[in-house]
Amino acid sequence: AVFQQMGRNVLDDIAERQQRAVICGGSGLHFRSLIDPLQFPPSDPEVRRAIEALDDASARERLERIDPEAAEHVDMANPRRVVRALEIAEITGLTPRARSATKEAEAVRNYQSVRDVVIIGVDPGDELPSRAERRFDEMLRRGLLDEVASLQDRMGRLARQAVGYKELLPVVAGRRSLPEGRAAAISATRALAKRQRTFFRRD
């Protein structure tokens, strides 16, 4: 949400000077936050903590109680999405169904941008799996394992799920060998790249 506000201010400044902006790199969500009518509901750490204290099944049941159609709008197999939907509902009173019925949500689903844009994508094609492997090995060579070890006591729940960290935390704890952690991280990286490719292809 902060990135969206700052980025749109920069884009507006560029437009006022009658110049064109080039947005390059970043995640699909960051990109879409600048050009699509995405709205980021508020967050509350205390509300979030209370919901995260529930087990996954209880969280899903609570969401289905407040919105029987939640499964049509939220990935119920993804605990993070369920927690976020409950947090938003508690803070704003808006259920997933109600949020999906807004004009803004419909525009996002239909890829109706808030400004004129030309999108160019570069896909490495069949090289993607080998590039992901080389990239992760380079990260290891540059000290990723030491980074994970130095951060492990300060990582929140979300950071612990990040690709690379998630697979190397058990290595640091001595519950998994480095080759096992490396293989799991490379596999997770390839899966993430595949999801990102699908995300960008829709654009």
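The table below gives the values:
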| item | result |
| --- | --- |
| Condition broken by residue 41, with the remaining ones in (1) open to solvent by less than 40 Å² (accessible area, probe 1.4 Å); (2) assigned to a loop (DSSP other than H, G, I, E, B); (3) more than 30 Å from residue 117 (Cα to Cα) satisfied | (3) |
| Segment 88-98: number of residues that are open to solvent by 20 Å² or more (accessible area, probe 1.4 Å) and not in a loop (DSSP other than H, G, I, E, B) | 5 |
| Which listed residue is open to solvent by less than 50 Å² (accessible area, probe 1.4 Å), at pLDDT 95 or above and part of a helix (DSSP H, G or I), from 105, 85, 132 | 85 |
| Residues of segment 108-129 that turn out to be open to solvent by less than 90 Å² (accessible area, probe 1.4 Å) and either within 18 Å of residue 162 (Cα to Cα) or not β-branched (Val, Ile, Thr) (or both), as a count | 10 |
| Residue that is nearest to residue 182 (Cα to Cα), among those in segment 135-162 that are outside any helix (DSSP H, G or I) and modelled with pLDDT under 95 | 162 |
| Within segment 87-115, considering residues that are in contact with a His (Cβ under 8 Å, 6 or more places away or on another chain) and not hydroxyl-bearing (Ser, Thr, Tyr), the one farthest from residue 69 (Cα to Cα) | 99 |
| Failed item in (1) at pLDDT 95 or above; (2) crowded, with 16+ Cβ neighbours inside 10 Å, with residue 9 passing the rest | (2) |
| Residue 148 being surrounded by 13 or more Cβ atoms within 10 Å (Cβ to Cβ), within 30 Å of residue 18 (Cα to Cα) and either of a type outside the set (Gly, Ala, Ser) or in contact with a Gly (Cβ under 8 Å, 6 or more places away or on another chain) (or both) | no |
| Segment 65-92 residues that are under 17 Å from residue 55 (Cα atoms), paired with ones that are among the hydrophobic types (A, V, I, L, M, F, W, C) and surrounded by fewer than 18 Cβ atoms within 10 Å (Cβ to Cβ) (beta carbon under 6 Å, 6 or more apart) | 87/47 |
| Boolean, residue 1 is free of Cβ contacts under 8 Å to residues at least 40 places away in the same chain and within 20 Å of the chain's Cα centre (by Cα) | yes |
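The values are calculated or read from the model by the stated rules, or taken from the named source; none is laboratory data. Remember, predicted model here, so these are calculated numbers, not experimental data. Neighbour counts are summed over all protein chains in view; Cβ atoms, including those assigned to glycine, are modelled from backbone coordinates with ideal geometry. With ligands, DNA and RNA removed, areas are computed over all heavy atoms of the protein, side chains included. Shrake-Rupley method; radii C 1.70, N 1.55, O 1.52, S 1.80 Å.
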